[in-house]
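The values are calculated or read from the model by the stated rules, or taken from the named source; none is laboratory data. Every value quoted in this text rests on a predicted model; they were computed, and no experiment measured them. As a convention, Cβ positions derive from the backbone with ideal geometry for all residues, glycine included, and neighbour counts pool all protein chains shown. The area values use the complete protein model at the heavy-atom level, side chains included, leaving out ligands, DNA and RNA. Shrake-Rupley method; radii C 1.70, N 1.55, O 1.52, S 1.80 Å.
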2 protein chains.
Amino acid sequence: MVHYIHSNRILVALDCIIFGFDGEEIKLLLIKRNFEPELGKWSLMGGFLNADEDLEAAAHRILYNLTGLDNNYLEQLQTFGAVKRDPVERTISVVYYALVNSQQQDLNAIRAHNAYWISLSEKPDLIFDHDAMVEQALRQLRYKAALHAIGFELMPEKFTIPQLQKVYEAIYTKLLDRRNFSRKILSTDLLIDTGEKDTNSVTKKGKLYRLNTEKYQKYLTDYVSFFPELTLS
Amino acid sequence: MVHYIHSNRILVALDCIIFGFDGEEIKLLLIKRNFEPELGKWSLMGGFLNADEDLEAAAHRILYNLTGLDNNYLEQLQTFGAVKRDPVERTISVVYYALVNSQQQDLNAIRAHNAYWISLSEKPDLIFDHDAMVEQALRQLRYKAALHAIGFELMPEKFTIPQLQKVYEAIYTKLLDRRNFSRKILSTDLLIDTGEKDTNSVTKKGKLYRLNTEKYQKYLTDYVSFFPELTLS
DNA sequence: AGCGAATAGTGTGTATTGAACACAATTATA
DNA sequence: TATAATTGTGTTCAATACACACTATTCGCT
């Protein structure tokens with residue numbers, strides 16, 4: 001097989017920012033490292049790109065190994081490539097972020113990796129440039145959620161409109177008007193009334209909806225300003 | 001120096017999609033390859049990441065070598081990493097896109113690289129996955145220009161409002177209303193009247209403006225829905 | 001010099017959308 | 001059965017988008 005003459009072959013890592021939602025707050029799935037390097041410190045879940053593995057496949061592998069989840073929103077964020085970013089050896093890292101609804105995750109796999117769901121407000125300092133990665137992922141999440149209807153990705157199968165509202169309020173740390181929120185969501189025609197009611201609710205039980213997945217696909221691919229009022233800064 | 005045990009060190013390439021504007025159409029700076037591999041075919045301008053070079057610096061180097069330009073809008077687009085994307089050898093490519101105002105470019109450097117400004121409508125087929133890269137860059141350009149005021153990056157130092165309108169019409173292949181466009185741009189307070197008039201114009205000479213660069217920085221970093229009406233599809 | 005063609009610039013009304021707020025309905029608990 | 005807490009629906013006002021009318025400047029032609 002022919003090769004390029006250029007000799008600078010380097011390690012390609014992947015790191016995953018995994019966002020979840022517990023009903024109140026946005027959470028991150030972080031690793032308390034029980035391996036070298038930087039043993040004992042906190043980091044993102046990551047791994048190296050294998051020789052016969054597509055980049056996208058590697059991202060799915062890493063996410064699957066940690067969470068047992070395989071069917072989530074997963075998007076490439078950016079590639080970090082400063083020379084000194086990894087003190088061990090020159091490594092560039094292709095960063096992905098995932099949105100998971102924390103329902104059918106594999107708790108054993110998570111425990112085995114020494115991973116924990118941590119609130120954004122309680123995030124510890126992370127190794128290398130992982131803090132910058134999280135910061136950028138959060139910016140991208142806010143950006144994207146204002147334009148596309150990805151808030152649903154953090155919801156369980158069935159959910160009420162007030163629950164969905166909590167996701168957006170958590171993403172933007174900003175309270176929204178119930179009445180206007182409800183009208184906006186319903187006007188998209190993305191929700192299907194299941195006929196069921198939320199049993200967890202203490203007082204009035206809200207309608208449980210599920211996502212109209214076909215229409216949702218259009219909302220993802222099309223550029224639609226979903227929440228123009230949620231501008232950043 | 002310590003190294004990772006993982007053995008899969010691979011080549012990291014960078015490819016640049018370079019957008020320009022000639023007053024009528026969006027143009028791409030493409031290479032008619034006079035070197036291997038794929039000699040004689042068209043491609044993006046690219047190169048390999050060097051050992052002691054930050055990723056961002058490599059992108060600037062490649063753009064500078066080709067155009068002589070060093071102070072342009074340059075943004076990382078995405079990293080392409082399919083196993084077979086480069087038939088010569090496994091290579092991942094970090095793709096950047098640049099917006100240049102085709103004024104003070106180094107024509108000798110461009111000629112030396114056998115590069116040409118090609119209209120989007122006349123783009124030839126490119127090697128490897130470069131077509132997909134261009135397609136995605138164009139999508140990103142449309143996305144971004146609808147939200148942020150990056151249309152200015154394709155303008156010369158001084159320009160008239162109708163000229164700026166042409167940029168947006170070229171990006172979206174869509175005609176815009178003169179009156180509303182003018183009002184919207186002026187309301188941003190991003191333009192400074194130079195007092196001069198456009199001498200090239202055949203009939204009524206328009207006012208020449210220049211960009212208020214401080215305010216412009218805010219428009220770039222802030223999320224602002226710049227042209228909500230320019231939705232994609 | 002005067003006129004028409006072409007392009008640049010300013011103004012105005014209507015329809016749509018966002019945002020604030022009032023009120024009615026449901027359910028557990030006291 | 002009243003009360004507290006939360007959900008669901010309606011209404012009004014202001015801001016913005018959008019369509020379209022009109023005026024202004026400049027060149028070239030008669």
Placing a label point 7 Å from Cα toward Cβ, how far apart in nm is residue A:108 from its equivalents in the other copies, listed shortest first to one decimal? 7.0
Can you compute 3J(HN,Hα) from phi for each residue in the range A:182-187, using the Karplus curve 6.51 cos²θ - 1.76 cosθ + 1.60 with θ = phi - 60°, rounded to whole Hz and x for Gly and Pro? 4, 4, 4, 5, 5, 5
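Can you tally the net charge around residue B:84? Count Lys and Arg as +1, Asp and Glu as -1, for every other residue whose Cβ sits under 12 Å from the Cβ of residue B:84.
Working: positive: B:85, B:90; negative: A:52, A:53, A:54, B:86, B:89, B:129.
Taking every Cβ under 12 Å from that of residue B:84, the sum is -4.
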If labels are modelled 7 Å from Cα along the Cβ direction, residue A:182 lies from its partners in the other copies at nm distances, smallest first, of 4.7
Quick query: amide H of residue B:41 versus all other amide H atoms, modeled in the peptide plane; which residues come in under 5 Å with a sequence gap of 5 or more or a different chain? B:33
Enumerate the amide H contacts of residue A:21 below 5 Å, restricted to partners 5 or more residues apart or on another chain; note that Pro and chain-start residues carry no placed amide H. A:27, A:102
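Classify the range A:11-146 from the C-alpha gyration tensor, please: rounded if a/c falls under 1.5, else prolate or oblate depending on whether a/b exceeds b/c.
Values: a/c = 1.28, a/b = 1.27, b/c = 1.00.
Cα axes put the range A:11-146 in the rounded bin.
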Flagged links, alpha-carbon separation over 27 Å, of B:123/B:166; A:84/B:123; B:123/B:144; A:215/B:215; A:158/A:204: A:84/B:123; A:215/B:215
With just the Cα atoms defining each centre, how far is the range B:122-157 from the range B:1-55? Give it in Å. 16
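Quick one: order B:116, A:168 from most to least accessible surface, probe 1.4 Å. Present the calculation step by step, with values, prior to reporting the outcome.
Values: B:116 110, A:168 0 Å².
Result of the area sort, largest leading: B:116, A:168.
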Ignoring ligands, DNA and RNA, what percent of the 1.4 Å accessible area of the range B:12-60 is carbon and sulfur? 50
Two pseudo-spin positions, 7 Å from Cα along C-beta at residue B:56 and at residue A:174, lie apart in nanometres by 2.7
Spin-label pair residue B:83/residue A:75, simplified geometry with 7 Å Cα→Cβ offset, distance in nm: 2.8
Select from A:170, A:112, A:51 the residue whose mean-square fluctuation is largest in a Gaussian network model of chain A (Cα-Cα springs shorter than 10 Å). A:51
Can you list the distances in nanometres, one decimal and ascending, from the residue A:199 label point to the identical position in each other copy, with the point 7 Å along Cα to Cβ? 8.1
At a 1.4 Å probe, which residues in the range A:31-64 are at least 30 Å² less accessible with all protein chains present than in their chain isolated? A:48, A:49, A:51, A:54, A:55
Volume per residue that the Cα convex hull of chain A spans, once the total is divided by residue count, Å³: 164
For chain A, what is the accessible area per residue in Å² when the probe is 1.4 Å? 48
Test of understanding: in a Gaussian network model of chain A with alpha carbons linked when under 10 Å, which of A:12, A:83, A:202 would top the mean-square fluctuation ranking? A:202
Nearest 5 is fine: what % of DSSP beta bridges in the protein assembly as shown come out antiparallel, could you say? 75
Rounding to the nearest 20 debye, state how big the charge dipole of chain B is about its Cα centre with +1 on each Lys and Arg Cβ and -1 on each Asp and Glu Cβ. 760
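How do A:120, A:29 rank by accessible surface area computed with a 1.4 Å probe, from largest to smallest?
Working: A:120 50, A:29 0 Å².
Ranked list, largest accessible area first: A:120, A:29.
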In whole Hz, what ³J(HN,Hα) sequence does the range B:73-82 give by Karplus (6.51, -1.76, 1.60; θ = phi - 60°), x for Gly and Pro? 5, 9, 9, 5, 9, 6, 9, 9, x, 5
Non-local residues with an amide H under 5 Å from the amide H of residue A:79, with H modelled 1.01 Å from N and Pro and chain starts lacking one, are A:95
Which residue fluctuates the most in chain B, going by a Gaussian network model with Cα springs under 10 Å, if the choices are B:195, B:206, B:151? B:195
What average count of beta carbons from other chains do you get within 10 Å of the Cβ of residues in B:67-77? 1
